[in-house]
Ligand SMILES: [Fe+2]
């Protein structure tokens, strides 16, 4: 077992890379590489890639998690079914081990991904509140434009083999349960239908969830979620997207579990992409919560779905 440190990129497949690049650019990413076969997109952080689209029939192919060290790649390569430690021949570089999760998804464990110069983030203005004045002097002037995606934050997995998947991500990749979701209204830990999982970074604080595994009839992507700068950036991105023909799914709102502010949009093939900001941060000492399943979809506030 190793403790993965974060999720790095999602891997989708789509029949038109131009169309995907246009959507992702409006959504707030930047192209880092393009080949005949694939599109690589980045956020403002230095890491080369947060989103890969391979050319072909629409599909959710898998994702990559960051290993803490190259030594951890050696450890994970010993697992049954794991590849050797490979030099990554894609533009994002680094070394990786390829695994397959119980649902057949490609799970890459990557280390040493190429870094580019970080993209400066615009319009970072502290928020004033009734009791704390953080912005004294500077004036806010922000208008609709694409959000500034910083990084990939989490992926929701619809699991055909829910039990197998939750064991795989907890036992092989070292993930911790932030919240169990049980069926019905009575707490029934033996009958969970979903789990929010976070990375184990010891005392260091990390996102409330890096993946959400959910019990489903068929394996697939629930959604993929990218962190943006702040509430202002989320909002101007929302109104920018409202001026396009893309499909809005849900938001703006604030979730209960994870607490993040959110906004959801579909890519041209119906893959649900989320912008989020201001989520909860936990560490290894945080105990798991337990809630009825509907809490995963419930919100503190949002317009009707
Ligand atoms: Fe999400």
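Just so you know, all these numbers are worked out from the coordinates, no wet-lab data involved. Remember, it's a predicted structure, so these values are computed and weren't measured experimentally. Because the Cβ atoms are built from the backbone with ideal geometry, glycine has one as well, and the counts that use them run over all protein chains shown.
For the stretch 47-91, the residues whose amide N sits under 11 Å from a probe point set 7 Å from the Cα of residue 115 along the beta carbon direction are 47-48.
Looking at the square roots a ≥ b ≥ c of the eigenvalues of the Cα gyration tensor of the stretch 156-305, which shape do they give, rounded for a/c under 1.5, prolate if a/b is larger than b/c, or oblate? It is prolate, given that a/c is not under 1.5 and a/b is the larger ratio. Computed per residue of the chain from DSSP H runs no shorter than four, each worth -39500 (n - 2.57), the mean residue ellipticity at 222 nm is -3000 deg cm²/dmol. Quick one: check the C-alpha center-to-center distance for the stretch 149-178 versus the stretch 195-270, whole angstrom. Taking the Cα centre of each part, the stretch 149-178 and the stretch 195-270 sit 15 Å apart.
Direction-averaged shadow area of the convex hull around the Cα atoms of the stretch 1-119, nm²?
That works out to 7.3 nm², a quarter of the Cα hull's surface.
Assuming R0 = 41 Å, can you tell me the calculated FRET efficiency for the pair residue 71 and residue 290, based on Cβ-Cβ distance, to the nearest 0.05? Taking R0 as 41 Å, the efficiency between residue 71 and residue 290 is 0.70.
Restricting the calculation to alpha carbons of the stretch 56-213 gives Rg and Dmax of 20.0, 60 angstrom.
So for 180, 65, fewest C-beta neighbours within 10 Å to most, what's the order? Mind showing how you got there, number by number?
Details: 180 20, 65 28.
By the 10 Å Cβ count, ascending, the order reads 180, 65.
Report the gain in length on full extension from residue 59 to residue 167: 0.36 nm times residue separation, minus Cα-Cα distance, nm rounded to one decimal.
Details: separation 108, 0.36 × 108 = 38.88 nm, distance 2.41 nm.
Stretched fully, the residue 59-residue 167 segment lengthens by 36.5 nm.
Beyond 19 Å, what share of the Cα-Cα pairs of the stretch 116-189 is found? Please give it as a whole percent. Percent of Cα pairs beyond 19 Å in the stretch 116-189: 66.
Can you tell me what the convex hull of the Cα atoms of the stretch 265-305 projects to on average, as an area in nm²?
4.8 nm²
A straight chain from residue 106 to residue 129 at 0.36 nm per residue would run longer than the Cα-Cα distance by 3.8 nm.
Expressed as a whole percent, how much of the Cα-Cα distance distribution for the stretch 33-74 exceeds 14 Å? Working shown, then result.
On the way: 528 of 861 pairs.
Value for the stretch 33-74: 61 percent of Cα pairs lie more than 14 Å apart.
Reported value for the chain: 148 Å³ per residue, from the convex hull of its C-alpha atoms.
Relative contact order of the stretch 5-147, please, whole-number percent, based on alpha carbon pairs below 8 angstrom and at least 6 residues apart. Relative contact order, the stretch 5-147: 23 percent.
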